[in-house]
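The values are calculated or read from the model by the stated rules, or taken from the named source; none is laboratory data. None of these values were measured; they are calculated from a predicted model. FYI the Cβ positions are ideal-geometry reconstructions off the backbone, even for glycines, and counts take in every protein chain you see.
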Amino acid sequence: MAEFGQAFTTQMVVSNFQDNHWTAPEVKPIGPFSFHPGTHVLHYSSTCFEGLKAYRWTDGSIHLFRYQDNIRRLRNSAAALCLPVPSDELLEASIFAAVKAVVSEIPDLPGALYIRPTLIGTELNIGAAGRGSKEALLYVITSPVGDYFAGGIRPLKLLIDDENMRSTPKFGQVKTGGNYAASLGSVTQARAEFGADQVLFCPGGQVQETGAANFILLKGNEVITKKLDGSILPGITRDSILKLAAEQGYQIKEIDYTVDELLAWLPESEAFLSGTAAVLSPVGSLIYHGKEYLLGDGKIGEKSVQLKAKLTGIQTGKNNDTYRWTTVVE
Ligand code: PLP
Ligand code: COI
């Protein structure tokens, strides 16, 4: 299978916001858009997106995972960027149409269909630096995917960056391209200098999240992760894992914690990244100020594997969906 995000299906769904209303979602062959060089998004980054998955269960039926939560988050992002906010109904219709249009292209398990609803400001106005785009394009593209990190399931190496932020204090909860752009320099350097897979952003020594996933620690009977305060993305996978862990008897601690505390906990802990793309990706070591610190023995932890099985079991129809997180598409 192609690397994550490089293969696309043949169809997409588009809808335009013009003259104060949205056009009906239209399914069309996936292909280039044409924009005037003065288009708002190209200058002022009026863009937000979502990432969710549909799975082909072994009986052939197709199921979305917690899509209503992605819709809620996209609407929050749109409002934060002063973009026209698509209705729940429009987003639901667009996502379902995008999946239905490519059912025959959805891979079998353990693959999935990654769905990328995207909203951009299309007003032609380079003077509108201080206000939102009055016109917008909503599109949903889809991509058959396997593992996000190359090399399959292996313990990841993260670099702790205690200087840079991936976002401003309140904008971390907005899923906008600018936050990813802000993290690029740090992640690129971490990869080149240390062979790191990702960066754990810890501005001022406070642990937050990585460039493309939340960070969760398992220490004894405790699940420790940064509390939601606007500075990090409120991950839907994070929320799912916390609920499943609580059900397993773990004590959930959504807190502020420091790099020093984290380093002290490492020998007796497991850690992983959580996200739609990352699913639950175990972390083997952290690099801080040039020194490598192992999580436990540096190998994939047993408890992480068990939690991952709980989550993917629900996503793929093997476990009972007691939370009603999955929705059949067809
Ligand atoms: N944090 C960041 C910065 C992300 O890009 C993602 C991926 O979507 C997440 C966290 C995890 O969010 P979710 O579990 O909703 O995919
Ligand atoms: C996701 O997990 O959906 C993400 O958005 C990560 C992505 C940046 C690859």
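Among the residues that make up segment 44-54, is at least one of them more than 16 Å from ligand 1 (Cβ to nearest atom) and in a helix (DSSP H, G or I)? Yes.
Matching residues to (1) buried (at least 16 other Cβ atoms within 10 Å of the Cβ); (2) at pLDDT below 95; (3) within 16 Å of ligand 2 (Cβ to nearest atom):
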position	(1), (2), (3)
C202	yes, no, no
E209	yes, no, yes
G220	no, no, no
I236	yes, no, yes
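The one condition from (1) within 16 Å of ligand 1 (Cβ to nearest atom); (2) outside the structural domain of Q248 (by TED's automatic domain parsing); (3) in contact with a Phe, Trp or Tyr (Cβ under 9 Å, 6 or more places away or on another chain); (4) of a type outside the set (G, A, S) that L138 does not meet is (1). S274 meets all of the listed conditions (1) hydroxyl-bearing (S, T, Y); (2) out of contact with any helix residue (DSSP H, G or I) (no Cβ under 6 Å at 6 or more places or on another chain); (3) within 28 Å of Q206 (Cβ to Cβ) but one, namely (2).
Residue-wise test of (1) acidic (D, E); (2) within 18 Å of the chain's Cα centre (by Cα); (3) surrounded by fewer than 21 Cβ atoms within 10 Å (Cβ to Cβ); (4) part of a loop (DSSP other than H, G, I, E, B).
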residue: M12; (1), (2), (3), (4): no, no, no, no
residue: A24; (1), (2), (3), (4): no, no, yes, yes
residue: K28; (1), (2), (3), (4): no, no, yes, no
residue: P37; (1), (2), (3), (4): no, no, yes, yes
residue: D59; (1), (2), (3), (4): yes, no, yes, yes
residue: A98; (1), (2), (3), (4): no, no, no, no
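In segment 241-278, the residue that is surrounded by the fewest Cβ atoms within 10 Å (Cβ to Cβ) out of those that are among the hydrophobic types (A, V, I, L, M, F, W, C), within 16 Å of ligand 2 (Cβ to nearest atom) and over 13 Å from Q306 (Cα atoms) is A277.
Just one of F194, F171 is aromatic (F, W, Y), touching a residue at least 12 places away in the same chain (Cβ under 8 Å), out of contact with any Phe, Trp or Tyr (no Cβ under 7 Å at 6 or more places or on another chain) and away from ligand 2 (no atom under 16 Å from the Cβ); which is it?
Working: F171 fails: away from ligand 2 (no atom under 16 Å from the Cβ).
It is F194.
For every residue, the table says whether it meets (1) more than 17 Å from T316 (Cα to Cα); (2) crowded, with 18+ Cβ neighbours inside 10 Å; (3) within 16 Å of the chain's Cα centre (by Cα).
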{"site": "I106", "(1), (2), (3)": "no, yes, no"}
{"site": "G111", "(1), (2), (3)": "no, no, no"}
{"site": "I115", "(1), (2), (3)": "no, yes, yes"}
{"site": "R131", "(1), (2), (3)": "yes, no, no"}
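With respect to T322, is the statement that it is within 21 Å of the chain's Cα centre (by Cα) and outside the structural domain of L113 (by TED's automatic domain parsing) true? No, not satisfied. Say whether the condition of being outside the structural domain of P117 (by TED's automatic domain parsing), surrounded by 15 or more Cβ atoms within 10 Å (Cβ to Cβ) and assigned to a strand (DSSP E or B) is met by at least one residue in segment 184-198. Yes, segment 184-198 has at least one match. When segment 82-96 is filtered for residues that are surrounded by 19 or more Cβ atoms within 10 Å (Cβ to Cβ) and either within 18 Å of the chain's Cα centre (by Cα) or closer than 24 Å to R56 by Cα (or both), the ones remaining, listed by number, are L91, S94, I95, F96.
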